[in-house]
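Below is one structure, written out as structure tokens; the observations come after it.
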Amino acid sequence: MRLWAGMRYAVVLATAPAAEPLTYAQAKAYMRLLDDTDQTTIVEPLIRAARAKVETDTGRRLITQSWDLLFDAFPRDAIRPPFVPLQSVTSIKTTSAAGVESTLAAATYVVDAASTPGRIVLADGGSWPTDLRTVNAIAIRCACGYGTAGTAVPDPILQAMLQLVTHWYRHRDAAVYPPLPSWFGYDALLAPYRRLELA
């Protein structure tokens, strides 16, 4: 459970990304591994770990995935899903005090996916349902990410991932990973993509 604008909310992964931003071949070429060396069992988990770290550090989602945003009640202001970049809102479902689930008509609200973070606002003349149960009454399913393939992810983010994978690969036998050298560039590469705090 998290807090946003004084309200509690939760996020639940609905559909995981179907691919990783980097392929094994890309990482292998970057690290200059020998062509006759198969390190997939080592490198592919590092790619997944690097993607997870970058997503945590930036608050962004790289490859298209779906998340559910759960609220107890509708915020007074715009709803700002914490999924960047926001692609679309698949549905907004509510559960009444009697336990009846309903799907809001898309005409009820407007989705602004151009802003960062995106937002959901009532359409002119629209209103949110008020007969809601006490806990997790609202479920908003959002699609987010740069696209379905790594080619859609900004190059600085991919470069940061490659640097992480290489660093972890070279120090994979260490009990604790050494810190990234100051010249490493990871922080500088991700600086323009760092998470924005929701107000």
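The values are calculated or read from the model by the stated rules, or taken from the named source; none is laboratory data. Computed from a predicted structure; not experimentally measured. Cβ sites come from the backbone with ideal geometry, for glycine too, and all protein chains shown count toward neighbours.
Listed by first and then second residue, the pairs linking a residue in the range 116-141 that is within 30 Å of PRO192 (Cβ to Cβ) to a residue that is crowded, with 17+ Cβ neighbours inside 10 Å and of a type in the set (Lys, Arg), with Cβ atoms under 9 Å apart and 6 or more places separating them unless they lie on different chains, are PRO117/ARG80; GLY118/ARG80; ARG119/ARG80; ILE120/ARG80. With respect to LEU70, determine if the residue is surrounded by 16 or more Cβ atoms within 10 Å (Cβ to Cβ) and more than 30 Å from ALA107 (Cβ to Cβ). Answer is no for this residue.
For the range 125-157, name all the residues that are assigned to a loop (DSSP other than H, G, I, E, B) and either touching an Asp or Glu at 6+ places or on another chain (Cβ under 9 Å) or buried (at least 19 other Cβ atoms within 10 Å of the Cβ) (or both).
LEU132, ARG133, THR134, VAL135, ASN136, ALA137, GLY145, TYR146, VAL153 - these are the residues of the range 125-157 that are assigned to a loop (DSSP other than H, G, I, E, B) and either touching an Asp or Glu at 6+ places or on another chain (Cβ under 9 Å) or buried (at least 19 other Cβ atoms within 10 Å of the Cβ) (or both).
Flag not set for ALA105, criterion: at pLDDT below 95 and surrounded by fewer than 19 Cβ atoms within 10 Å (Cβ to Cβ). Residue count for the range 1-59 under the criterion of being at positive phi and modelled with pLDDT of 90 or more: the result is 2.
Annotation note: of LEU33, LEU86, LEU22, the sole residue that is within 22 Å of ALA191 (Cα to Cα), of a type in the set (A, V, I, L, M) and out of contact with any strand residue (DSSP E or B) (no Cβ under 8 Å at 6 or more places or on another chain) is LEU22. Among the residues making up the range 22-45, those that are closer than 21 Å to ASP155 by Cα, touching a residue at least 40 places away in the same chain (Cβ under 8 Å) and either outside any loop (DSSP other than H, G, I, E, B) or basic (Lys, Arg) (or both) are GLN26, ALA27, TYR30, MET31, VAL43. Tell me, yes or no, whether the range 174-187 has at least one residue that is surrounded by 12 or more Cβ atoms within 10 Å (Cβ to Cβ), in contact with a Phe, Trp or Tyr (Cβ under 8 Å, 6 or more places away or on another chain), modelled with pLDDT of 90 or more and assigned to a loop (DSSP other than H, G, I, E, B). No, the range 174-187 has no match at all.
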